[in-house]
Amino acid sequence: LTRITTLASLTLAAGLTAGISGAVAQTTLTVTHSSPADSHFGVAAIAFKDAIEKETDGGINVVIQRVDNEREAIESTQLGAQECAMGSAGPLGNFIPETRVLDVPFLFDSYAHARGVLDSEIGDELLAKFDARGLKGVAWLENGFRNLTTGSKTVSGPEDMRGMKIRTMENEVHMKAWQAAGVLPTPMAFSELPSALQQGTVDGQENPIPVILSNNLDMMQKHLYLTRHVYSPGILLCNLDFFEGLDDAGRKAVQDGAKAAVVANRTRVEQDETQGIETLRGRGIEVVEITNRDAFRDAMSGANADFEAQFGADLLKRIRDWK
Ligand code: PAF
């Protein structure tokens, strides 16, 4: 299935097929993600693997690996040390700056809006930028709308967040928006979050329901505020040379695998958003519905002029007005 092979990609599986003896080339595709197997990215990885292995009749063997750091996984995919990676698009802007436009808070009103934009020519135009950086943007996945959680501190409006230390992703758009709201954003890899929460280095964090649920963050946090302040896309990307080295059937299998991953990922996000909030309540975390979401929007809006200058008012309007 491959014309070229990447580092450690080609293994030869000695085989006897229908009485013909010989070696059958098998490509190994390692895909990493940083979430538990039972999560919105875990199920996406399994769907990706199952679809590719079925379509290629095992010609591409997909190995799923869990890693700690999403930024390092993208780096290692770019260098060709692994074939593909999936996860949140949080650190993606450090590689493909144009994708940072998607990280602007309160840009999307709903899942339908975000998915519509990512599935449209806007999403495709952004995926096309990956090639120049040695990556193939295969598909937009989804992490979900992010919500604030805190330990002992409580929040009844955005003014209560002033001076709080909130762990953020390594994402400069998010950090600017939090700063505008008077928060002290503290970027770190997700794997460092549990100890930061336990040691009180940060007062809280923000993440989508599927992440809070699958990582049991309710055990470290007392309050969950459904701020839905920013949509967090997910991404499935591969090393460009690896992808282009596949033959037509191999590339199609990866793309079909990506479609299966998108369906599994979005279905699980929906399920977590509908049932997960009750599950979290049942586990004992206080869940607070936000009635004054506009106040949070206004608090972060101090960074909007910067975002317009950086991404262009036209593109932001095109995304906001997408129908
Ligand atoms: O907060 C993050 O870093 C991301 O949302 C996470 C948890 C790594 C997504 O899987």
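The values are calculated or read from the model by the stated rules, or taken from the named source; none is laboratory data. Everything numeric here is computed off the predicted structure, so don't read it as measured data. We work out accessible area using only protein heavy atoms, side chains counted, and drop any ligands, DNA or RNA first. Shrake-Rupley method; radii C 1.70, N 1.55, O 1.52, S 1.80 Å.
In the stretch 200-317, Rg over Rh equals 1.08, where Rg is the alpha-carbon radius of gyration and Rh the Kirkwood radius from pairwise Cα distances. Residues whose amide H comes within less than 5 Å of that of Thr227, counting only those at least five positions distant or on another chain, are Leu148 (H built at 1.01 Å from N in the peptide plane). Between the alpha-carbon centers of the stretch 101-130 and the stretch 185-211, tell me the distance in whole angstrom. Distance between centres, Cα-based: 26 Å. Between Glu83 and Thr30, the built amide H atoms are under 5 Å apart, and every one of these is 5 or more places off in sequence or on another chain. Per residue, the accessible area of the stretch 192-323 comes to 45 Å² when a 1.4 Å probe rolls over the protein heavy atoms. Between the alpha-carbon centres of the stretch 232-265 and the stretch 283-315 there is a gap of 32 Å.
Only protein atoms count toward the accessible area here, which uses a 1.4 Å probe; on the stretch 74-154, the carbon and sulfur part of that area reaches 49 percent. Residues whose amide H lies under 5 Å from that of Gly59, counting only those 5 or more places away or on a different chain, are absent; hydrogens are built 1.01 Å from N in the peptide plane. Computed on the stretch 131-199, with alpha-carbon pairs under 8 angstrom and 6+ residues apart, the relative contact order is 26 percent. With 0.36 nm allotted per residue and the present C-alpha distance subtracted, the Glu98-Ser156 stretch has 17.4 nm of extension available. Listed values for the stretch 194-202 are Karplus-derived 3J(HN,Hα) couplings in whole Hz (6.51 cos²θ - 1.76 cosθ + 1.60, θ = phi - 60°), namely x, 5, 5, 5, 5, 7, x, 5, 10, and x replaces Gly and Pro.
Take the Cα radius of gyration of the stretch 132-227 and divide it by 2.2 N^0.38 Å, N being the number of residues; the result is 1.14. Shown in residue order for the stretch 225-234 are the 3J(HN,Hα) couplings computed by the Karplus curve 6.51 cos²θ - 1.76 cosθ + 1.60 at θ = phi - 60°: 9, 7, 6, 6, 6, 8, 7, 10, x, x Hz (x for Gly and Pro). For the cross-link pairs Lys222/Lys323; Lys49/Lys222; Lys49/Lys176; Lys129/Lys176; Lys136/Lys323, the ones whose C-alpha atoms lie over 29 Å apart are Lys222/Lys323; Lys49/Lys222; Lys49/Lys176.
Summary value for the stretch 215-303: 62 percent relative contact order, contacts being C-alpha pairs under 8 angstrom separated by 6+ residues.
What fraction of the DSSP beta bridges in the stretch 144-296 is antiparallel, stated in percent and rounded to the nearest 5? Walk me through the numbers before you get to the answer.
Numbers: 11 of 21 bridges.
Within the stretch 144-296, antiparallel bridges account for around 50 percent of the total.
Reported value for the chain: 131 Å³ per residue, from the convex hull of its C-alpha atoms. Per-residue Karplus couplings for the stretch 171-181, computed as 6.51 cos²θ - 1.76 cosθ + 1.60 with θ equal to phi - 60°, are listed in order as 9, 5, 5, 4, 4, 4, 5, 5, 4, 4, 8 Hz, Gly and Pro entered as x.
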